[in-house]
Amino acid sequence: MENEVKYYGEWQEGSVILEKLTGPIGNGRVEFPNGDSFEGVFHLSFACISGPCYAACGKYTFADGSYIDHAWINTSKDLSKFGLKGVYEVKNADGSARSITPFYINKHGIELLASDPAEAIEWHNGKEVQRYGVNDYSLERVDEDRCILNVSLSNGISVRMTGGRLNKNKYDRYYFETHLEGRIYYPDGNSFSSINYNICNLKPYEGWGTMHFANGKCRSEKYEGYNLNYAYEEKWDETAMVKKELPNPVHPYDCCQAETWSTYIRYSKGGEYSGDTVDGLPHGKGVLTFYDGRHYEGEFANGRCNGVVVYSVEGSDIHEERVWENGKIKDEQCNITLRYKWRSDEWSIGGKSDKTTREGTFTPRLGESIDIEGFRYIKVYEIKEDELLIGSCPLHRGESISFENEVEDDEASDGTVWSGTDYYIQIFWD
């Protein structure tokens, strides 16, 4: 029949036992009712956890003789439905450049015309919406199977479109799926992204997408005919995050890895910062909190506490205002030196036991752990002229406090412990 899709090529019969699918596989050719044709490799094989997939890659030729060298199509099991998906460079029959066009079955998105000057057309479900002047553009080939088109329009809006084969994850190397996604960047700093490009008139139109706000946050939104029907709560936008090494805010020399946004930072050591930043560093007024309840609110400079900072601990009566300088407390009582005696006993069920002892001194720092093996979980929560709070134990001048810690190394499934280390420490404030 004239309105039927015709397929010529290899075919696979399904099998429930092997979870094989029924459909085209291997080399094949498709002739479509509109005069288009496709010739390539069909990647049908086994059913996947995500469901069956019928995709093929090869040369797509349009009825007018223009073509795409390497394209991806999705097909239904019986080939009654088909569709190009992705961002592709279309060439005229003689091989000359024609356009860079996104497809989601039909043309869908921003087509960049190979004209002088360059021109862009917005398509929606195969229908032209409007045309735009172009300030700049680029085409990135991620690999043979995926392209990225960046277009800066004369109205101040920029568009980024990605399409081609989608790799689901490292386990689905035999899973073939095509996709199209786009992102619109507006002059106010906000942007909108969507899978399958649910955009018309350069605005969110239908279905789900993500609004990315200029402040570094985002939210998922659902639209129907340009109207916002539903929106999730805002969260920090992972696409706006930059990973970098930053100074530890409460240590004068230490650094750590961090995930940064314009006004928010997540530190690898369990801290979160909200407030003023300069060049990605805490600088100005801000709040720093840690998962263990420590809270620093006040002045920061070049990434560290610097100035008047109020220190408190959630669930306690600790609430102290101190002056900091480059990540350390400037108050005189921070020059306190404590003496300690330390011992470790390494043991095993076989009877082996190694004892190690040492003595030394350290300077307590507010909010930090004591840097001694076996006791780095113990923090200094309060520093006063005549009293320190180390962990939950108060220490006064002329006195001492002791801690013990047991670390189990090898443990059987029945709970039997085969080896471990016992730590002991006595801290003196002379």
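The values are calculated or read from the model by the stated rules, or taken from the named source; none is laboratory data. Values in this document were obtained by computation on a predicted structure and should not be read as measured data. FYI the Cβ positions are ideal-geometry reconstructions off the backbone, even for glycines, and counts take in every protein chain you see.
Brief remarks on what is shown
- Residue, modelled with the lowest pLDDT, within the range 319-339, restricted to residues that are of a type in the set (Val, Ile, Thr) and touching a Lys or Arg at 6+ places or on another chain (Cβ under 7 Å): Ile329
- Lone qualifier among Thr178, Thr263, Thr239 - being closer than 30 Å to His70 by Cβ, within 20 Å of the chain's Cα centre (by Cα) and of a type in the set (S, T, N, Q): Thr239
- Residue satisfying all of: in the range 42-70; modelled with pLDDT of 95 or more and polar (S, T, N, Q); farthest from Gly164 (Cα to Cα) among these: Ser66
- Looking only at the range 112-153, residues that are part of a loop (DSSP other than H, G, I, E, B) and at pLDDT 95 or above come to 0 in all.
- Unmet requirement for Trp342, which otherwise passes all of (1) modelled with pLDDT of 85 or more; (2) surrounded by 12 or more Cβ atoms within 10 Å (Cβ to Cβ); (3) within 26 Å of Arg304 (Cβ to Cβ); (4) in contact with a strand residue (DSSP E or B) (Cβ under 6 Å, 6 or more places away or on another chain): (3)
- Residue satisfying condition, being farther than 30 Å from Lys59 by Cα, of a type outside the set (A, V, I, L, M) and in contact with a His (Cβ under 7 Å, 6 or more places away or on another chain), within set Asn190, Asn215, Asn227: Asn190
- Check on Tyr273, in the same structural domain as Val308 (by TED's automatic domain parsing), part of a loop (DSSP other than H, G, I, E, B) and more than 28 Å from Arg160 (Cβ to Cβ): no
- A single member of Gly35, Gly9 is touching a residue at least 24 places away in the same chain (Cβ under 8 Å), outside any strand (DSSP E or B) and not aromatic (Phe, Trp, Tyr), and it is Gly35.
- Taking the range 363-376 as the range and being loosely packed, with under 15 Cβ neighbours inside 10 Å and either over 30 Å from Asp410 (Cα atoms) or touching a residue at least 12 places away in the same chain (Cβ under 8 Å) (or both) as the test, the residues that pass are Thr363, Glu373.
- Leading residue by the ranking (surrounded by the fewest Cβ atoms within 10 Å (Cβ to Cβ)) among those in the range 306-318 that are hydroxyl-bearing (Ser, Thr, Tyr) and modelled with pLDDT of 85 or more: Ser312
- Residues in the range 180-209 that are farther than 21 Å from Thr101 by Cα and touching a residue at least 24 places away in the same chain (Cβ under 8 Å): Tyr186, Pro187, Asp188, Gly189, Asn190.
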